[in-house]
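Okay, structure first, notes after.
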Amino acid sequence: MSVLSDATDLGDVDEPLRLFDAWFAEAKQSEPRDPEAMALATVDADGLPDIRMVLLKGHDERGFVFYTNRDSQKGREMAAQPKAALVMHWKSLNRQVRVRGPVSIVSTEESDAYFASRPRLSQIGAWASKQSAPLESRMAFEKAVAVQTARFGLGTVPRPDYWIGYRVTPLVIEFWADRPFRLHDRVEFRRSAPDAAWSKTRLYP
């Protein structure tokens, strides 16, 4: 029997978003910490790639959603170049997913709903942090948190206008699965537009 044979051979898969749903569900059961963690790659004004970790907070047929400060470095980069790449790597499963596509801002209703679900201190932190701006000291940040805590008292903390959600709509999704002897399974799905059909290509690992 070939060492590539497997009941979950990626060559048998034709619908990438459904496969992602299945893999993500398994990751949430097996990954010890942050199965929703993903690397987000953007490009700065000089064309230099930039990358950092964010958390996947929603996904459906429209794309992959995360939230951040619009005035942060990544927010400014996505405003100038509204496209991005994502990588999710689950070591417990020996699997990786790569996503590339255009970026759009989610609806105000979506941002409001997710912000309301956050822990209160995280909500206050969104007001206190001038994300990516220079910070003179940790004490200055803690003072800003205290100021915002007093400002909102016991009332509802509203969402700052600059704290928004972004959606990466996939035009390319690649799935990678570990196999013995580094003879890994790797399949790429591509489409020309969000409403176009997917094409599938198996790649050498």
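For the stretch 22-61, give me each residue that is in contact with a Lys or Arg (Cβ under 9 Å, 6 or more places away or on another chain) and over 25 Å from Ser122 (Cβ atoms). Residues satisfying the conditions are Trp23, Glu26, Val43, Asp44, Ala45.
For the stretch 61-68, state whether one or more residues are at pLDDT 95 or above and surrounded by fewer than 16 Cβ atoms within 10 Å (Cβ to Cβ). Yes, the stretch 61-68 contains a residue that is at pLDDT 95 or above and surrounded by fewer than 16 Cβ atoms within 10 Å (Cβ to Cβ).
The requirement of being surrounded by 12 or more Cβ atoms within 10 Å (Cβ to Cβ), closer than 29 Å to Tyr204 by Cβ, at pLDDT 95 or above and out of contact with any Asp or Glu (no Cβ under 6 Å at 6 or more places or on another chain) is not satisfied by Val54.
Ser122 falls short on exactly one of the conditions (1) surrounded by 15 or more Cβ atoms within 10 Å (Cβ to Cβ); (2) within 20 Å of the chain's Cα centre (by Cα), and that condition is (1).
In the stretch 125-162, of all residues being in contact with a strand residue (DSSP E or B) (Cβ under 9 Å, 6 or more places away or on another chain) and among the small types (Gly, Ala, Ser), the one that is surrounded by the most Cβ atoms within 10 Å (Cβ to Cβ) corresponds to Ala126. Within the stretch 35-86, being more than 21 Å from Glu109 (Cβ to Cβ) and assigned to a loop (DSSP other than H, G, I, E, B) holds for Pro35, Glu36, Asp44, Ala45, Asp46, Gly47, Leu48, Asp71, Ser72, Gln81.
Take the conditions (1) loosely packed, with under 13 Cβ neighbours inside 10 Å; (2) modelled with pLDDT under 95; Pro49 misses just one of them, which is (2). Meeting the requirement of 3 or more residues that are farther than 21 Å from Pro35 by Cβ and touching a residue at least 12 places away in the same chain (Cβ under 8 Å), the strands (runs of 3 or more DSSP E) wholly within the stretch 87-205 are 95-105, 185-190, 199-202. Please go through the stretch 158-205 and give me each residue that is among the small types (Gly, Ala, Ser) and in contact with a His (Cβ under 8 Å, 6 or more places away or on another chain), ordered by number. Answer for the stretch 158-205, where residues must be among the small types (Gly, Ala, Ser) and in contact with a His (Cβ under 8 Å, 6 or more places away or on another chain): just Ala177. No other residue among Lys143, Lys130 is basic (Lys, Arg), modelled with pLDDT under 95 and more than 28 Å from Ser199 (Cα to Cα) apart from Lys130.
The values are calculated or read from the model by the stated rules, or taken from the named source; none is laboratory data. Computed from a prediction, not measured in an experiment: that's the story for all the values here. Here Cβ is always computed from backbone atoms with ideal geometry, including for glycine, and neighbour counts include all displayed protein chains.
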